[in-house]
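Q: What follows is a single structure, and I will ask about it in a moment.
The values are calculated or read from the model by the stated rules, or taken from the named source; none is laboratory data. Because the structure is a prediction, the values reported are computed rather than measured. Ideal geometry is used to build each Cβ from the backbone, glycine not excepted, and the neighbour counts take in all protein chains shown.
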Amino acid sequence: MRITHSVRIDRPPEDVWAVVSDPTTHTSWRPDLVEFRQVSDGPLAVGSKIHEIISFRGRQIEIDDVVTALEPPHRLAIRGGWEAADFELDFLLEPVGEGATLATFDWPLYPKSLLMKVVAPFLKGTMKRSTAEEAEGLKRYVEEGRSSG
């Protein structure tokens, strides 16, 4: 199963990148995140480890991620998983028009457990809504200038 959602943000890719590539901001614009923090030392880089806790349908899911691509200011990719599924998440940023960005969230989900394989098709609508809420949250966060510190 793959979820893709794009949103136009009226700020240049560098401004959006400053937020997407800063793990400390994610809980501010991704409403289902309880925690999102880098657990490896040093600046964010390919191979950096991130721990996240997601609230989904009344459950908290703990996920350990690794950064798989870091291409400023255009792409941040992470791979993660838990006992029921693995996923990859690409944050893709493309300049559009003058001073604007098309931010695309692209993430395939790979069910591992039998239960997840059965229920994943029924969860797709919920997951699409959640992804759209994250994209809109990023748009609001960046456009309202909270990224400028």
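Q: For the range 123-143, what are the residues that are within 16 Å of residue 4 (Cβ to Cβ) and small (Gly, Ala, Ser)?
A: Listed by number, the residues that qualify are 125, 130, 132, 135.
Q: Restricting attention to the range 34-51, does a residue exist that is closer than 23 Å to residue 123 by Cβ, at pLDDT below 95 and surrounded by 16 or more Cβ atoms within 10 Å (Cβ to Cβ)?
A: The answer is no; no qualifying residue exists.
Q: Just the residues that are free of Cβ contacts under 8 Å to residues at least 12 places away in the same chain and either surrounded by 15 or more Cβ atoms within 10 Å (Cβ to Cβ) or charged (D, E, K, R) (or both), please, taken from the range 81-116.
A: Across the range 81-116, the qualifying residue is only 98.
Q: Within the range 45-149, considering only strands (runs of 3 or more DSSP E) that don't extend past its boundaries, which have at least 2 residues that are over 18 Å from residue 33 (Cα atoms) and either touching a strand residue (DSSP E or B) at 6+ places or on another chain (Cβ under 8 Å) or of a type in the set (D, E, K, R) (or both)?
A: Qualifying strands (runs of 3 or more DSSP E): 59-71, 85-96, 100-111.
Q: When the residues of the range 1-44 are narrowed to those that are in a strand (DSSP E or B) and hydrophobic (A, V, I, L, M, F, W, C), which ends up farthest from residue 93 (Cα to Cα)? Steps first, please.
A: Narrowing the range 1-44 to residues in a strand (DSSP E or B): 2-9, 33-38.
With the extra rule that they be hydrophobic (A, V, I, L, M, F, W, C), the set shrinks to 3, 7, 9, 33-34, 36.
Values: 3: 16, 7: 10, 9: 10, 33: 21, 34: 24, 36: 20 Å.
Checking each candidate, the answer is 34.
Q: Turning to a different aspect of this structure: Please verify whether the range 124-135 includes one or more residues that are acidic (Asp, Glu), closer than 22 Å to residue 46 by Cβ and under 17 Å from the mean Cα position of the chain (by Cα). Walk me through it before giving the result.
A: Let us first name the residues in the range 124-135 that are acidic (Asp, Glu), namely 133-134.
Narrowing the set further to residues that are closer than 22 Å to residue 46 by Cβ leaves none.
For the range 124-135, residues acidic (Asp, Glu), closer than 22 Å to residue 46 by Cβ and under 17 Å from the mean Cα position of the chain (by Cα): absent.
Q: Go through the range 5-51 and count every residue that is touching a Pro at 6+ places or on another chain (Cβ under 9 Å) and charged (D, E, K, R). Show your work before the answer.
A: We begin by selecting, within the range 5-51, every residue touching a Pro at 6+ places or on another chain (Cβ under 9 Å); these are 12-18, 20-21, 36-38, 44, 48, 50.
Filter once more, so that each one left must be charged (D, E, K, R): 14-15, 37.
Residues that pass the stated criteria total 3.
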